[in-house]
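Heads up, the thing below is written out as structure tokens.
The values are calculated or read from the model by the stated rules, or taken from the named source; none is laboratory data. Remember, it's a predicted structure, so these values are computed and weren't measured experimentally. With ideal geometry, Cβ positions are generated from the backbone for all residues, glycine too; neighbour counts draw on all protein chains shown.
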């Protein structure tokens, strides 16, 4: 049960004036179509359950009603040409929630998925060069130690609508076995599939549970929409739980599953509910760059 006393009484309602297009957006989108796919380290099948007793400011969009949804989670690394060469490659978590009904974003009509894409840092490294392309390519870049991906916390980094409000999202490991892996170092030297092997080993005998948390915008000056480098201060607005994701022990990766998820599906935040529309220039460019094929169910997903 959620504690409603944790919620700020003053979340900011979305207004169109908080977003503004940059002059370079139209030309920048043409440079994004050939970005290479990220190699997957884990392809997990599980369930997302919306918490009961959420206050109105959090009970928005797909989090309005306490219910369970099937999910597929994809653990991966940012492609090398989009990452910073100064350190190990940042990691990504992509989540595809199925059975999500409601008013859809343009281009996703008739679908039943909600997609979230997250990175293992709340902060985007500020690039030394300017421009939207440089900003997009630096998303998630920077030096990260070679730690176990199952113990990582992941962040949307950029905002999205949360119903009538604006928010960022985080997914935090909470089960005991995962907490033991927080900041646990891995020796990945000369091990091109080291992260995948670590994920396979963990899920061969462990279940996992993550908490999905929302950080509501409560001050548009310190929590801007268009500045993708800005970390919203948690002392102003904390990340608050809205759902939990559980994944049972399973074969966490297989060539058959990768042939479907990696090669046929795309985790595109623009495939989802209008209530969770991505916000800001970075996400508008990602919309232009992505084409997706969305599943209706997980009945045919290989083990």
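Could you give every pair whose Cβ atoms fall below 8 Å, whose first residue belongs to the stretch 103-132 and is surrounded by fewer than 13 Cβ atoms within 10 Å (Cβ to Cβ), and whose second residue is at pLDDT 90 or above and not in a loop (DSSP other than H, G, I, E, B), counting only separations of at least 6 or pairs across chains?
Filtered contacts from the stretch 103-132: 103/273; 103/274; 103/275; 110/104.
Assess whether residue 21 counts as being more than 30 Å from residue 253 (Cα to Cα), in contact with a helix residue (DSSP H, G or I) (Cβ under 9 Å, 6 or more places away or on another chain), part of a loop (DSSP other than H, G, I, E, B) and at pLDDT below 80.
Working: more than 30 Å from residue 253 (Cα to Cα): yes; in contact with a helix residue (DSSP H, G or I) (Cβ under 9 Å, 6 or more places away or on another chain): yes; part of a loop (DSSP other than H, G, I, E, B): yes; at pLDDT below 80: yes.
So residue 21 fits the description; yes.
Taking residue 33 as the residue in question, decide whether it is more than 25 Å from residue 220 (Cβ to Cβ), modelled with pLDDT of 65 or more, within 23 Å of the chain's Cα centre (by Cα) and in a loop (DSSP other than H, G, I, E, B).
Criteria not met by residue 33.
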